[in-house]
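The next block holds one structure in the form of structure tokens; read it before the comments.
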Amino acid sequence: MITLDGKRLIINNATYADSGEYTCKVKVDGFGTSPSETVLFWVGTKPKIVRHKAGYLLRAPRGQKLKFPCRATGIPPPKIAWYYMGEKYGLDILEAKNDSDFRVYGDGSLEMLHFRADMTFEFVCMARNVIGEDHINVDLSTPVKISVDEEVRAIDGRNLIVPCKVLGSPKTDAIWMDKKRIYVGNGGRISSRKNGNLEVDGVLLGDRGRYYCTSARDDPSQDRLGGVWLNVYGMYVRCSAPLMKRNVYDETSYSIYTTLH
């Protein structure tokens, strides 16, 4: 019910049907009508995305068709738009074109037809109406795989480089851990490099053991470990010919050739 008390507009038990423009006009006898004032009045509730309160993480292999659900309630019914936070597609996905990799459906869901590595990063579902807005983030990634040798052999005293590659999207760096599973820095005799290599400056016999290569993603649940066993061998000298008794005089030089192993 809408009533007037001479100064105020009173709406009792307002509903969405009462939404709209209301104009106030003041008429003074003998002086005409003063300028009017218009107010836009909305009754409703701000959008609320249901089912996913704080977003979610989706991991999938390449080439797969994916569908992201996004349902929202609100009065008036909110409109849903999807945003892509990567560099390739810009900021907004509003409609599905014939050459698009995406489809947006009436229930608010977004479908990706052919997932590729360059489509990773973050998607945002935004629900809006005149009262307000709500959103969720969807992080998309491929599973992490560690590529590293199972065993390497090194010689005492020599330098060693052990490569490691972290496969998956978005791309992340490889980090090494020592035998006690403590992260290795990049400034010591044993160091973890940005290119994924474990470098040892002068291998020692005590370095023997298992070392671990892992990923550096923000979500620890995605981390994987790749273990490599380091065997260290001492260096010894072996003569290339059987030992024989030699008489060496001052005027004569004689050489014994050896091979280092």
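Here are a few things to note about the model shown:
- Within segment 40-52, residues that are buried (at least 17 other Cβ atoms within 10 Å of the Cβ) sit with their Cβ atoms under 6 Å from residues that are among the β-branched types (V, I, T) and assigned to a strand (DSSP E or B), at 6+ positions apart or across chains, in these pairs: G44/I75; I49/I136.
- For segment 193-249, a residue qualifies if it is in the same structural domain as D173 (by the TED database), among the polar types (S, T, N, Q) and modelled with pLDDT under 75, and the qualifying residues are S221, Q222.
- Residue match in segment 177-187 (condition: in a strand (DSSP E or B) and without any contact (Cβ under 8 Å) to a residue 12 or more places away in the chain): yes
- Condition met for M126 (crowded, with 19+ Cβ neighbours inside 10 Å and in contact with a His (Cβ under 8 Å, 6 or more places away or on another chain)): yes
- Any chance I155 is over 30 Å from Y83 (Cβ atoms) and within 22 Å of the chain's Cα centre (by Cα): no
- Selection from segment 165-183 of residues that are surrounded by fewer than 19 Cβ atoms within 10 Å (Cβ to Cβ), in contact with a strand residue (DSSP E or B) (Cβ under 7 Å, 6 or more places away or on another chain) and among the aliphatic types (A, V, I, L, M): L167, M177
- Some residue of segment 123-144 being touching a helix residue (DSSP H, G or I) at 6+ places or on another chain (Cβ under 8 Å), at pLDDT below 90 and β-branched (V, I, T): yes
- Scanning segment 129-148 for residues that are farther than 26 Å from D107 by Cβ, surrounded by 15 or more Cβ atoms within 10 Å (Cβ to Cβ) and touching a strand residue (DSSP E or B) at 6+ places or on another chain (Cβ under 6 Å) yields V144, I146, V148.
- Residue match in segment 138-152 (condition: part of a loop (DSSP other than H, G, I, E, B) and on the phi > 0 side of the Ramachandran plot): no
- Taken over segment 179-192, the criterion of being farther than 12 Å from V162 by Cβ and under 27 Å from the mean Cα position of the chain (by Cα) is satisfied by R181, I182, Y183, G185, N186.
The values are calculated or read from the model by the stated rules, or taken from the named source; none is laboratory data. Just so you know, these numbers come straight off a predicted model, no measurement behind them. Every residue, glycine among them, receives a Cβ derived from its backbone with ideal geometry; neighbour counts consider all protein chains shown.
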